[in-house]
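The values are calculated or read from the model by the stated rules, or taken from the named source; none is laboratory data. Given the structure is predicted, the values throughout are model-derived calculations rather than measurements. With ideal geometry, Cβ positions are generated from the backbone for all residues, glycine too; neighbour counts draw on all protein chains shown. Heavy atoms of the whole protein, side chains included, go into the accessibility calculation; ligands, DNA and RNA do not. Shrake-Rupley method; radii C 1.70, N 1.55, O 1.52, S 1.80 Å.
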Amino acid sequence: SVEPLLLFLIVFFWTPPHFWALALFRSDDYARAGIPMLPVVAGPDATRLQILLYTIVLVAIAVAPWPLGYFDAIYGVTSLVLGAGMMWLAIEVYRHREGKPAARATRRLFAFSILYLFALFATLLLEVVVRAAAPLLG
């Protein structure tokens, strides 16, 4: 069915912005170790663009279960708020290309992305538990 596919796609499109943000602020380490992460092989500007593009797709896919009727407004609003945070931080990574502001933006996106995925899936779990408990509570 579509629901597991959407969950897979959320994780699939979350992974690149998460790890590329890490790779941006650790690109020197990856280069020294000979690990071909995107910032090393394509450069930081290409990486920033890819982070932004993947985040746009991620936010759209993460919101999709709500209008498709798989989850209710609690999930929908949570996904919109979290998605706005991811988009804002991805835009900041795209905008700030040098120095401390660039490093700060990539670290913030990396850290927030962990919270994003946890909160999104915790909300999914919460909605499933509430739905299951609703008939028992009357």
Test: Thr15 is of a type in the set (S, T, N, Q) and surrounded by 16 or more Cβ atoms within 10 Å (Cβ to Cβ): no
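Please determine, by comparing only the residues of segment 44-83 that are free of Cβ contacts under 8 Å to residues at least 24 places away in the same chain and over 18 Å from Phe121 (Cβ atoms), which one is surrounded by the fewest Cβ atoms within 10 Å (Cβ to Cβ). Give the steps one after another, and end with the answer.
So in segment 44-83, the residues free of Cβ contacts under 8 Å to residues at least 24 places away in the same chain come out as 46, 53, 60, 63, 66-67, 69, 73, 76-77, 80-81.
Going one step further and asking which of them are over 18 Å from Phe121 (Cβ atoms), we end up with 46, 53, 67, 69.
Details: Ala46: 13, Leu53: 15, Pro67: 9, Gly69: 7.
Once the filter is applied, the top-ranked residue is Gly69.
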All positions within segment 18-32 that are open to solvent by 70 Å² or more (accessible area, probe 1.4 Å) and either farther than 16 Å from Leu109 by Cβ or among the aliphatic types (A, V, I, L, M) (or both): Asp28, Arg32
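Does segment 68-110 hold any residues that are out of contact with any Ser or Thr (no Cβ under 7 Å at 6 or more places or on another chain) and polar (S, T, N, Q), and which are they?
So in segment 68-110, the residues out of contact with any Ser or Thr (no Cβ under 7 Å at 6 or more places or on another chain) come out as 68-73, 76-77, 79-85, 88-89, 91-92, 94-110.
Across segment 68-110, the qualifying residues are Ser79, Thr106.
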